[in-house]
1. Counting heavy atoms of the protein chains only and a 1.4 Å probe, report the per residue accessible area for the chain as a whole number of Å².
2. Identify, among Leu159, Tyr57, Gln91, the residue whose Cα sits farthest towards the positive end of the charge dipole of region 30-179, taking +1 on the Cβ of Lys and Arg and -1 on the Cβ of Asp and Glu, with the dipole about the Cα centre.
3. Mind pulling the angle between the C-alpha long axis of helix 161-176 and the longest principal axis of the chain? Nearest 10 degrees, somewhere in 0 to 90.
4. With the Cα gyration tensor of region 25-109 giving a ≥ b ≥ c as the square roots of its eigenvalues, does the rule (a/c under 1.5 for rounded; else a/b larger than b/c for prolate; else oblate) give rounded, prolate or oblate?
5. Let me know the charge dipole size of the chain about its Cα centre in debye, to the nearest 20, where only the beta-carbon of Lys, Arg (+1) and Asp, Glu (-1) is charged.
6. State, as an integer percentage, the relative contact order of the chain based on alpha-carbon contacts under 8 Å between residues 6 or more apart.
7. Using a 1.4 angstrom probe on the protein heavy atoms only, could you order Asp141, Asp7, Asp17 from most to least accessible area?
8. If you line up the long axis of helix 32-42 against the longest principal axis of the chain, both from Cα atoms, how many degrees apart are they, to the nearest 10?
Amino acid sequence: EDRTLADADDRAVAFPDTTPVRVAHPALLGEALGTWSELFSDYEILQPFPQLARTVYTLTEAERSARRLERFQGTVASTRAILGLERRGWQRSSPMNAGIQHCLYRELPGGLYVNIKLNPGIAIAISDLDDQELEQIRLDDRPDTGEWAPLPGRPFGDLDPVTASELVADLVHLAETRE
């Protein structure tokens, strides 16, 4: 009510002016999620975007140790949905033969990149909006340039829970565009 910071028990909290305060992701709140949700409800705090009720996605143990995210490999998504991911920080690789962009990538915290090989790929003229198959999804130390040179890959367990949840959310969104 008075715009001061408070903890989950609704007690005032003071921080030095230089302390960063950020929006909490439900993947990090654990048992406190219910308490925060109740507090927001009690104060009738409207959230301008999905925050506490945001869906949290987790990687399986097998996915955490894997260097490929096989759950979504073979998924067919619309080119329009793939292009829409550019608003969330995804980028297309440089065009290769015949002006086709065969990869989509996103820089993640810690200097990592998630790379998705697309089939058949996106023509730079974007005159043909064929659906795209997510042929391979990898975690790497660099973006794929489109050459799809063999990269050793990194285990998806190298991602923090928030980054993993948001990555899976993007892939779930792509999968839902074809349902």
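The values are calculated or read from the model by the stated rules, or taken from the named source; none is laboratory data. Keep in mind that this is a model prediction, so the values were computed, not measured. Here the Cβ positions follow ideal geometry from the backbone for every residue, glycine too, while neighbour counts run over all protein chains shown. Each accessible area value is taken on the protein alone, full model and side chains, heavy atoms only, with ligands, DNA and RNA left out. Shrake-Rupley method; radii C 1.70, N 1.55, O 1.52, S 1.80 Å.
1. About 60 Å² of surface per residue is accessible.
2. Farthest towards the positive pole: Gln91.
3. For helix 161-176, the angle is close to 50 degrees.
4. On the way: a/c = 3.33, a/b = 1.90, b/c = 1.75.
Because a/c hits 1.5 or more and a/b exceeds b/c, region 25-109 counts as prolate.
5. That gives the chain a dipole magnitude of about 700 debye.
6. Once normalised by length, the contact order is 25 percent.
7. Working: Asp141 90, Asp7 40, Asp17 160 Å².
Final ranking, largest accessible area leading: Asp17, Asp141, Asp7.
8. 60 degrees
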